[in-house]
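The values are calculated or read from the model by the stated rules, or taken from the named source; none is laboratory data. Worth saying up front: this structure is predicted, and the values here are computed from it rather than measured. As a convention, Cβ positions derive from the backbone with ideal geometry for all residues, glycine included, and neighbour counts pool all protein chains shown.
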Amino acid sequence: MRVLERGVLNAAEPGTARAVCTFPALAVVSNDQLLATYRTGSDKDCADETVELRRSSDDGRTWSAPCRPFSRIVEGREGSLRVVYLTPLGGGRLLACGLWIDRQAFPGMPLFNPETEGCLPMKIVLADSFDDGAAWSDWRAVPMTADVGPPSLTNPVLRMASGRLAISIESNKPYLDRSTWRQKVVYVFSDDGGATWSEPSLVCRDPSARIFNWDQRTAVAPDGRIVSFSWTYDRQTQSYRNIHRRISVDEGASWSDPEDLGIADQPSRPAILTDGRVVLVWVDRFGSRSIRARLAKSIQGAFEAGSEVVIHEVSAAPAAVGSTAEALADMQTWSYGLPFAEGLPDGDVMVVYYAGAPDAMDIRWARLGL
């Protein structure tokens, strides 16, 4: 692979509510336009955060002015929007899936409680567009069982070969809960286009509560199989392990054992091309201090070292991870990361990520030629 082009999708505006931009995502819509969503805010964890949308008609080289079509009000209560992912469903229909945070429950407090490892109340919310993202419905919340706690969203809604939809959700503890955090990943399924959803189905969990499978990034291959990549945190050693891959051949009902890919440490949402090849981007924050990408011939294939490209590098080394609570707090200081990859109609791959200074982070893009 090689990096063909680079650019800035959204430039930070220091000192404003658009100073820190993170959580970028892409979707190719039915008319071959590219949509980008990303989070803006005055800092990395703030009550004024929301999500903007931009459109490109030239495969991401230039972008429209930003718009803010998604409300921060859910069920009559104002909060903040952390991320919105878009899933094309065909015929001009898009399904937006967002993570909404209740900032009124504990006013002025950070997202993660440094004393308990608990999280502010959150909801997974959905909205529909039937005109390729020009207009959107109001949000509706996805029902969630109490055992999931405040749910985290780290991936777009999956559209299976059968037409079934799935949302990948990570569990959290309530804000004041001092019990042991037993993190897990669950799926909820819809067989009616997202109108109703099943109860959560377990994907992975460490019963000992030592290993956390954070930031599962997932995509569906042309043959219908699902592949997921996990950012793996070891509570006992207070360190990030290598990325682990799991594969499902039955639309998420069961999964292969986790496979250590030998790549550290935080994966992107992978780009799976029409011929089955996979581009995985990852953030190696504690080793090479960079964002890199490799290519595999299939979802179960090796990510070949000879295909590796460097997308972004920094010189400063981060501090040691420390406890789980310190690791969560440390994430708020990182100034690059969260890559998202998407295959383009011409066969190239577009990668979006955030990068910049602690008080001014852009959304940037890189176009990869295979």
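The set of residues from region 67-116 being among the charged types (D, E, K, R), within 27 Å of N10 (Cα to Cα) and part of a loop (DSSP other than H, G, I, E, B) comprises R68, R72, D102, R103. Restricted to region 235-250, and to residues there that are modelled with pLDDT under 95 and in contact with a Lys or Arg (Cβ under 7 Å, 6 or more places away or on another chain), the residue that is surrounded by the most Cβ atoms within 10 Å (Cβ to Cβ) is R235.
For region 261-285, the candidate set comprises residues that are in contact with a strand residue (DSSP E or B) (Cβ under 6 Å, 6 or more places away or on another chain) and among the acidic types (D, E); within that set, the residue that is farthest from A219 (Cα to Cα) is D284. Of the strands (runs of 3 or more DSSP E) lying entirely inside region 219-287, the ones with 3 or more residues being within 24 Å of Q183 (Cα to Cα) and touching a His at 6+ places or on another chain (Cβ under 8 Å) are found at 226-234. Among the residues of region 22-56 satisfying the criterion of being under 15 Å from E342 (Cα atoms) and among the hydroxyl-bearing types (S, T, Y), which is surrounded by the fewest Cβ atoms within 10 Å (Cβ to Cβ)? So, considering only residues that are under 15 Å from E342 (Cα atoms) and among the hydroxyl-bearing types (S, T, Y), the one surrounded by the fewest Cβ atoms within 10 Å (Cβ to Cβ) is S30. Given the condition aliphatic (A, V, I, L, M) and within 20 Å of F340 (Cβ to Cβ), answer yes or no: does some residue in region 170-184 qualify? No.
Given the condition within 21 Å of T196 (Cβ to Cβ), touching a Leu at 6+ places or on another chain (Cβ under 7 Å) and in contact (Cβ under 8 Å) with a residue 24 or more places away in the chain, answer yes or no: does some residue in region 169-178 qualify? Within region 169-178, one or more residues are within 21 Å of T196 (Cβ to Cβ), touching a Leu at 6+ places or on another chain (Cβ under 7 Å) and in contact (Cβ under 8 Å) with a residue 24 or more places away in the chain. A residue that is surrounded by 19 or more Cβ atoms within 10 Å (Cβ to Cβ), farther than 26 Å from K44 by Cα and either basic (K, R) or at pLDDT 95 or above (or both) cannot be found anywhere in region 101-120.
Criterion applied to G306, G356, G347, G337 was being assigned to a helix (DSSP H, G or I) and either more than 30 Å from T116 (Cβ to Cβ) or modelled with pLDDT of 95 or more (or both), and the one residue passing it is G306.
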